[in-house]
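Participant: Starting off with a structure, shown below.
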2 protein chains.
Amino acid sequence: MITLPPDPRVDAAIDASLDRIVTRARTLGPGFGALGDAVARASRGGKRFRPALVAASFGAFGGDPDATPSVYPVAAAFELLHAAFVVHDDVIDHDTERRGIPNVAGEFREHARVQGADAAGAVVLGDAAAILAGDLLLHEAFRLVSFAEVDPVAREQLQALLDDAVYVSAAGELADVTNAVVPEHASHDDILDAAFNKTAVYSFQAPLQAGAVLAGAGDEARGVLSAAGGSLGLAFQLVDDLIGAFGSAEQAGRESGGDLRESKRTPLVALARESSSWPKVNEALAVAHTGPIAVREAQVALLESGAPVRLRGLISDTLDQVRTASRDSALPAAVGSLLRDLADGVEGRIP
Amino acid sequence: MITLPPDPRVDAAIDASLDRIVTRARTLGPGFGALGDAVARASRGGKRFRPALVAASFGAFGGDPDATPSVYPVAAAFELLHAAFVVHDDVIDHDTERRGIPNVAGEFREHARVQGADAAGAVVLGDAAAILAGDLLLHEAFRLVSFAEVDPVAREQLQALLDDAVYVSAAGELADVTNAVVPEHASHDDILDAAFNKTAVYSFQAPLQAGAVLAGAGDEARGVLSAAGGSLGLAFQLVDDLIGAFGSAEQAGRESGGDLRESKRTPLVALARESSSWPKVNEALAVAHTGPIAVREAQVALLESGAPVRLRGLISDTLDQVRTASRDSALPAAVGSLLRDLADGVEGRIP
């Protein structure tokens, strides 16, 4: 992710919330206590970009954390929401590891095996644990926003942002899964929409806006920020697609070309489909799961289709929109500067 | 379930909330609109017992719905919470039907197949849709409680009840799945705890208490009500176990002896395990999935173990506690009368 200045008070708010989950779960017996511990572990490894974005936006709009300490629990809510999505996403994808260590499902499969369950039983318990873990995280995210000590109008605005984040991300996730399992289903626009919905709102637009609401920003500034946040999120996701296809193993956090191995229907692939060399790309993608040489051939076929160049152009146009918005007179100078830093950060990740 | 007087304003509040989900989902495209429709359908077939219980408790405590119209959206929240649990429970159990018609997962598997997905892809899309549907329902339940127009103290009490309902039910569900997949894992007490946690709090204790909070009941009355609600919920669940093993197909809403076919670790089976004839019961249960004759033999073996008689005794003791509490001087007469009616209703379901 993009690096923002760390704020120990953001970490403290997240940790306080995770401590509540752990303590609450332990009162309900050792089995459920283990789930609380797993939830906390699942929420601890990340870069905490979304809460940092809430705090950075709040600060750039001139918010004073001593006057509005609720900025920290609200920031924490976005981390817990992210963790909820990740945990449920892993169930959908049948993943049992994240960052090389067992995730909630993986851990509970192992618990079940140790206690003598058969393989099918272990899968059932792993999935159950992960579904329930995501439910608890979603519930806690909502609690943090509901209990924010801000005036009722601001609280309703924050709840509306959370509502947007939940609905739009769910729509993006459903579209993403549909595009993956239904061959030839989606148009180029559908795939771009899914990419936007899955990440842009909950990772960029809503956290930026939450900071603005907490700092008391006016409607005009929030409107400009909302559009810029959406564009940033889209550009981020498109860069992620380039990384998934062409990034180094270090940058992708997994084997290089992972998206190609998994035949993901990304905007990059949608662009390739519009080129005259699509049959060749399609053939190369069909065998990309077989090994590193086949991945390399799929990368070459994609490059020859011109899709990466077109995608870079789309990213560049989207970031231009962010930079133009950043100079809008409705925004304080510090907010414009934050948006430009974020655009630079997204651009800097292009592989 | 037990029948309570119908209240069209409860139905109107549930329908308004489902309409919001449908409308909100449709703005995010036809695919997600279909999910909104499926969520609404999943929430429409039930008997709406929990919201009726909120309204009945509120009325018995002398609450005036014209002064506190929030009783209806809060009541609706308990129906949506129930629907969220049912939808996620179905994913965990790999069920694709409910009441004989496709559930959310079943419907989206069919969508996927019609659009050309293979069998594995259809399962992935079905599970994804059902996980997301449960997330939306949980989110809406929380919204309904958060937006209740009541004083801040009452709102915090309602949010605490919802928090209990979410945590305790999740603990019950996890324990239930663990007991099902891990052989010889659970003690008799563990299995009783799981039965209590899975249903008693969110179906009885919390709805009764929510009605009391909304009607402005005092702490002492709420304390008595809480204990009685827990006992009612436990008795209800134990009767459900008898129905699952011995009830008619009509009463169980599925083939008779369904719990025996599925080798469920219910409190009934836990009691049988303590009898000297357990080896015979165990043998009969092991083949109960093979057909109606084997189910009948398992029923006979269970009867001979004495477990059903002991379970009936436990149910009777638990309902006695409810009836004793119903005469506590801290409770208004109408609340006592409601509790006795509920106890009679639970007793009347014993097969």
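Each value in this text was obtained by applying a stated rule to the coordinates, not by laboratory testing. Here the structure is a predicted model, which means the values were calculated and not measured. Cβ atoms come from the backbone with ideal geometry, glycine included; neighbour counts cover every protein chain shown.
Participant: List the lysines whose Cα sits under 19 Å from the Cα of residue B:264, skipping any in the same chain fewer than 8 residues away.
Facilitator: B:198, B:280
Participant: To continue, here is another question. Averaging sequence separations of C-alpha pairs under 8 Å and six or more residues apart, then dividing by the length of segment B:218-351, give the relative contact order as a whole percent.
Facilitator: 33 percent
Participant: Using the Cα centre as the reference, give the magnitude of the dipole from point charges on the C-beta atoms of segment B:1-217 (Lys, Arg: +1; Asp, Glu: -1; all else neutral), rounded to the nearest 20 debye.
Facilitator: Values: 16 positive and 30 negative charges, 143 e Å.
In total the dipole reaches around 680 debye.
Participant: Between copies, how far does the label point of residue B:188 sit from its twins, in nm, shortest first, when each point is 7 Å from Cα along Cα→Cβ?
Facilitator: In nanometres, ordered from closest: 7.1.
Participant: With each label point set 7 Å from Cα along the Cα-Cβ vector, what nm distance links residue B:187 and residue A:296?
Facilitator: Inter-label distance under the simple model: 6.2 nm.
Participant: Let me ask another. Compare the Cα positions of B:314, B:160, A:122 along the charge dipole of the protein assembly as shown (+1 at Cβ of Lys, Arg; -1 at Cβ of Asp, Glu; about the Cα centre) and return the one farthest towards the positive end.
Facilitator: Looking along the dipole axis, the top candidate is A:122.
Participant: Could you run the Karplus curve 6.51 cos²θ - 1.76 cosθ + 1.60 with θ = phi - 60° over segment B:276-292 and give me ³J(HN,Hα) per residue in whole Hz, x for Gly and Pro?
Facilitator: Karplus values, whole Hz, x for Gly and Pro: 5, 8, 3, x, 5, 4, 4, 4, 5, 5, 5, 10, 4, 6, 7, x, x.
Participant: Please average, across the residues of B:160-171, the number of beta carbons from any other chain that are within 10 Å of each residue's own beta carbon, and give a whole number.
Facilitator: 5
Participant: Give me the inter-chain shielding for B:107-118: mean count of other chain Cβ atoms within 10 Å, whole number please. Walk me through the numbers on the way to the answer.
Facilitator: On the way: counts 0, 3, 0, 0, 2, 5, 1, 1, 6, 5, 6, 3.
Shielding by partners across B:107-118 averages 3.
Participant: A further question on this structure: Quick one: 3J(HN,Hα) in Hz for segment B:208-225, Karplus 6.51/-1.76/1.60 with θ = phi - 60°, rounded, Gly and Pro as x.
Facilitator: Those phi angles translate into 4, 5, 4, x, 5, 4, 5, 8, x, 5, x, 4, 5, 4, 5, x, 5, 4 Hz.
Participant: Still on this structure, I have one more. What does the copy distance list look like for residue B:277, label position 7 Å along Cα→Cβ, in nm and ordered from shortest?
Facilitator: For residue B:277, the other copies' label points sit at 7.8 nm, shortest first.
Participant: Now for a different question. Could you tell me which trypsin sites (Lys or Arg not before Pro) in segment A:309-344 are loop residues by DSSP with no more than 14 other beta carbons within 10 angstrom of their beta carbon?
Facilitator: A:327
Participant: Ok, one more. Taking the Cα centre of segment A:125-180 as origin, sum charge times position over the Cβ atoms of Lys and Arg (+1) and Asp and Glu (-1), and report the length of that vector in debye to the nearest 20.
Facilitator: For segment A:125-180, the charge dipole is close to 60 debye.
Participant: Please find the FRET efficiency linking residue B:99 to residue A:151, where r is the Cβ-Cβ separation and R0 is fixed at 45 Å, and quote it to the nearest 0.05.
Facilitator: Efficiency, from the Cβ-Cβ distance: 0.50.
Participant: Rounded, prolate or oblate for the protein assembly as shown? Axes are the square roots of the Cα gyration tensor eigenvalues, ordered a ≥ b ≥ c, and the cut-off for rounded is a/c under 1.5.
Facilitator: oblate
Participant: First select every other residue whose beta carbon is under 11 angstrom from the beta carbon of residue A:244; then total the charges, Lys and Arg +1, Asp and Glu -1. Present the calculation step by step, with values, prior to reporting the outcome.
Facilitator: Numbers: positive: A:254, A:261, A:264; negative: A:240, A:241, A:255, A:259, A:262.
Within the 11 Å Cβ shell, the charges total -2.
Participant: Can you tell me the FRET efficiency between residue B:255 and residue B:41 if r is taken as the Cβ-Cβ distance and R0 is 22 Å, rounded to the nearest 0.05?
Facilitator: 0.35
Participant: May I ask you to evaluate 6.51 cos²θ - 1.76 cosθ + 1.60, the Karplus curve with θ = phi - 60°, for each residue of segment B:133-141 and list the ³J(HN,Hα) values in order in whole Hz, giving x for glycine and proline?
Facilitator: Calculated HN-Hα couplings, in order: 4, x, 4, 4, 5, 4, 4, 5, 4 Hz.
Participant: Taking the Cα centre of the protein assembly as shown as the origin and placing charges on Cβ (Lys, Arg +1; Asp, Glu -1), which of B:233, B:74, B:253 is farthest toward the positive end of the dipole?
Facilitator: Checking the options against the dipole of the protein assembly as shown, the answer is B:253.
Participant: Using the basic label-point model (7 angstrom from Cα toward the beta carbon), what is the residue B:15 to residue B:341 distance in nanometres?
Facilitator: 2.3 nm
Participant: Separation of segment B:109-184 and segment A:127-184 by C-alpha centroid, Å?
Facilitator: 12 Å
Participant: Could you compute the FRET efficiency for residue B:274 and residue A:115, with r as their C-beta to C-beta distance and R0 at 30 Å, rounded to 0.05? Show your work: numbers first, answer last.
Facilitator: Values: r = 21 Å, r/R0 = 0.70.
The computed FRET efficiency comes out at 0.90.
Participant: Set Lys and Arg Cβ to +1 and Asp and Glu Cβ to -1, take the dipole of the protein assembly as shown about its Cα centre, and tell me which of A:51, B:92, B:291 lies farthest positive.
Facilitator: B:291
Participant: What does the charge count around residue A:30 come to, taking other residues whose C-beta lies under 15 Å from its C-beta (Lys +1, Arg +1, Asp -1, Glu -1)? Spell out each step's value before the answer.
Facilitator: Working: positive: A:24, A:26; negative: A:37, A:107, B:189, B:190, B:193.
Once positives and negatives cancel, what remains is -3.
Participant: List A:265, A:24 from most exposed to least, where exposure is judged by having the fewest other Cβ atoms within 10 Å. Mind showing how you got there, number by number?
Facilitator: Numbers: A:265 24, A:24 20.
Result, fewest neighbours first: A:24, A:265.
Participant: When only DSSP loop residues count, what GluC sites (Glu not before Pro) in segment A:107-214 have their Cβ near at most 15 other Cβ atoms within 10 Å?
Facilitator: Filter output for segment A:107-214: A:149, A:184.
Participant: Answer rounded, prolate or oblate for segment A:267-351, using the Cα gyration tensor with square roots of eigenvalues a ≥ b ≥ c: rounded when a/c is under 1.5, else prolate when a/b is larger than b/c, else oblate.
Facilitator: It is prolate, given that a/c is not under 1.5 and a/b is the larger ratio.
Participant: Further question on the same structure: Taking 8 Å as the Cα distance limit and 6 or more residues as the minimum spacing, I'd like the relative contact order of segment A:1-138 as a percentage.
Facilitator: 24 percent
Participant: Then there is this: Rounded, prolate or oblate: pick one for chain A, where a ≥ b ≥ c are the square roots of the eigenvalues of its C-alpha gyration tensor, a/c under 1.5 means rounded, and failing that, prolate if a/b is larger than b/c, else oblate.
Facilitator: It is oblate, given that a/c is not under 1.5 and a/b is not larger than b/c.
Participant: Right, another one. If amide H atoms are built 1.01 Å from N in the plane of the peptide, which residues on other chains or at least 5 residues away come under 5 Å of the amide H of residue A:98?
Facilitator: Sorted by chain and number, the residues that satisfy this are A:103.
Participant: Ok, one more. Summing +1 for each Lys or Arg and -1 for each Asp or Glu, what net charge is found among the other residues whose Cβ lies under 13 Å from the Cβ of residue B:55?
Facilitator: Neighbourhood net charge equals -1.
Participant: If you don't mind, there's one more thing I want to ask. Might you report the magnitude of the Cβ-based charge dipole of the protein assembly as shown about its Cα centre, with Lys and Arg at +1 and Asp and Glu at -1, to the nearest 20 debye?
Facilitator: 300 debye
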